[in-house]
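The values are calculated or read from the model by the stated rules, or taken from the named source; none is laboratory data. Computed from a predicted model, the values in this text were never measured in an experiment. Positions of Cβ are generated from backbone atoms using ideal geometry, with glycine treated the same way; all protein chains shown enter the neighbour counts.
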Amino acid sequence: MRPPLIHIGYNKTGSTWLQEEFFPLQELGFYLLLEMEDRRKIYRYLVKEHALYYEEERVRTYYEERISHAGDLLPVLSAERLSGDPHSGGYDSVEVAGRLHSLFPEAKILLVVREQRSMLLSVYTQYVRAGGTRSLRRYLRPPLRGSRRMPQFDFRFLDYAPLVEHYMGLFGRERVKVLPYEWLLSEPQRFLREILQFSDLATPERLERIKTLPFGKRVNRSYGPFTLWAKRLYNRFFLDNSLNPAALFHLPEGIERRAVRCFQFVDAFLPAAMVKNAKRRRAALISRAVENRYAKGNERLCEITGLDLKELGYL
C-alpha cells in the first residue's frame, strides 16, 4: 500500500478549493480518497469517536479498500478537521495525530497556515455560518464558568508551531510540509508547485498543467456586515446544533439557505463606506485582542520550516 499524502488543514486556508480543483486531478498524479459523504464517515469513525470506543482496524480497513483503487497514483486524504476545530480550541488535535500516525506511519503531512489576525476574521465568520450566536468580542472571550466541561475557542489553537513540531516528531521533519495560505492567494503556481515537489510528482507536464487551474474561483462567499448580524439572530431562534444547542426551533437547511440569500441581498445594497467601516472595526478588535501573542510561535515556525513569515505580514 502506497503511503498517502495527508492534508490536515488548517481551516480557512483554501482547503475546499484544493479538494475540488487540485487533488481530484489524476493527471497530476493524485488519487483523492474521500468524497463529501466519505468525509462525514471518517469524521465519525476517525475524528469524533471516543478514545475508549475507537476501532483502528475498522478505519484501517475503510482506507485500505479505497487505497487499493489508487494504482500508481498517490492517495490523498484531505480533511481540514484533522488539525482540530477552531471553535473548540483544537482539543483533540494531538489524539487525531496519533491515530493518523498509527494508521499511516510512512505518510507525508501537508499543513497550510494563515496569518492569525486574518485567520480570526475568517474563523469567526465560519462560526456564525455554522450556527454560532456570540458577537466577535464575546467569541474571543469565551465564558470562564464551566470552561472545564466543554471545549471552546482558545487563542493557542492558532499558535501553529507546537502542532507542526508534534507532527514532525511523529512522522519525521522531512515528511511534514508547511505552506502559507498567502502564497495560494498571491503566488498560486508556486504554492501548488511546492505540493507537487513535496509529493514527488513534479514533472514538466504537471507543472505546465497547474497554470490552467481556476485560481480566481471563489468557493465560499464571505458574509457582509448585515448577513453576519442577521445570521447570528437567525441562529439564536432557528438553528439548533452543537454550537447553539438552545435555539427555540430548528428549521430545515433549505430555509436557512434562502434566509442567507436574502441577508446577502441586503448586503449588496449597503454603502461601500459602511461595509468598509464594519470590516475596519472587526479588524481593530482582533488586533487589540491578539497584540503580540503569536510573535514567539511564529518565530519558532520560521526556524523549523525555513519560511519567511514576517515578509508575509505575520507578527
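Tabulated data for the structure shown
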quantity	calculated
Lone unmet requirement of (1) more than 27 Å from Ser135 (Cβ to Cβ); (2) over 23 Å from the mean Cα position of the chain (by Cα) for Leu312	(2)
For Asp72: the one exception among (1) part of a loop (DSSP other than H, G, I, E, B); (2) touching an Asp or Glu at 6+ places or on another chain (Cβ under 9 Å)	(2)
Among the residues listed as Arg81, Arg44, Arg66, the single one being surrounded by fewer than 16 Cβ atoms within 10 Å (Cβ to Cβ) and among the basic types (Lys, Arg)	Arg44
Residue list for segment 130-149, filter: under 22 Å from Asp240 (Cβ atoms), in contact (Cβ under 8 Å) with a residue 60 or more places away in the chain and surrounded by fewer than 17 Cβ atoms within 10 Å (Cβ to Cβ)	Ala130, Ser135
Elements of type helices (runs of 4 or more DSSP H) in segment 98-179, at least 3 residues being touching a strand residue (DSSP E or B) at 6+ places or on another chain (Cβ under 7 Å)	160-171
Residue in segment 69-78 that is modelled with the highest pLDDT, counting only those that are more than 23 Å from the chain's Cα centre (by Cα) and either surrounded by 11 or more Cβ atoms within 10 Å (Cβ to Cβ) or under 21 Å from Gly9 (Cβ atoms) (or both)	Leu73
Within segment 197-223, considering residues that are assigned to a helix (DSSP H, G or I) and acidic (Asp, Glu), the one farthest from Ser122 (Cα to Cα)	Glu205
Looking only at segment 246-297, and only at residues there that are charged (D, E, K, R) and not in a helix (DSSP H, G or I), the one that is surrounded by the most Cβ atoms within 10 Å (Cβ to Cβ)	Arg293
From the options Leu270, Leu301, residue that is assigned by TED's automatic domain parsing to the domain that holds Phe157 and in contact (Cβ under 8 Å) with a residue 12 or more places away in the chain	Leu301
Output for segment 224-245, where each listed residue is of a type in the set (D, E, K, R) and in a helix (DSSP H, G or I)	Lys231, Arg232, Arg236
